[in-house]
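Trainee: A single structure is presented below for examination.
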Amino acid sequence: GAVFFPYPDTLNGKFYYIPGKEELSVQPIGFAMLPAKGIGRVKQGMTVKVMLENYPEEEFGYLTGEVLGVSDIHDKAGFYKVSIDFNNGMKTSNGFAVPSDVQMVGNAKIVIAEKRLIEKLGIFGKYH
């Protein structure tokens, strides 16, 4: 039989975390800036994978959070602010506890849909 590997369909943006932005939550909150293309697909509760520049993914792993919300208007450069809640704290996929009192930047990938790799590559086109 054939084996199908799930391959996430993602939207990517620049991630920012500034300490002390947890006014409404006990969990740390960061945000990503995403371009307009595809922003309407982003919904509250979607999974976000964050790779931090401060802590390289190869060594420390990545953070997993979820979308809290998306701004209604874009900034002057045309980017929308997506708030991200780290409901499991700031622990990476490799088990490293990232300090929540340090400003950080990185890249955020919002998982829009899980597709089979074969669908992503378009091997069978519309005829499968």
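What follows draws every value from the coordinates through simple rules; no lab data is involved. Remember, predicted model here, so these are calculated numbers, not experimental data. Glycine also receives a Cβ, built like all others from the backbone with ideal geometry; neighbour counts cover every protein chain displayed.
Trainee: Describe numerically, in nm with one decimal, the distance between label points set 7 Å from Cα along Cα→Cβ at residue 44 and at residue 93.
Mentor: My value for the distance between the label points is 2.8 nm.
Trainee: Which order do peptides 42-51, 99-108 fall in by mean Cβ count within 10 Å, highest first? Show your work: numbers first, answer last.
Mentor: Working: 42-51: 17.1, 99-108: 15.4.
By packing density, highest mean first, the sequence is 42-51, 99-108.
Trainee: Suppose R0 equals 22 Å. What FRET efficiency, 1/(1 + (r/R0)^6) with r the Cβ-Cβ distance, do residue 112 and residue 36 give to the nearest 0.05?
Mentor: Plugging the Cβ-Cβ distance into 1/(1 + (r/R0)^6) gives 0.90.
Trainee: Shifting gears a bit: Just order 59-65, 34-40 by mean Cβ neighbour count inside 10 Å, highest at the front, would you?
Mentor: Per-residue mean Cβ counts within 10 Å order the peptides as 59-65, 34-40.
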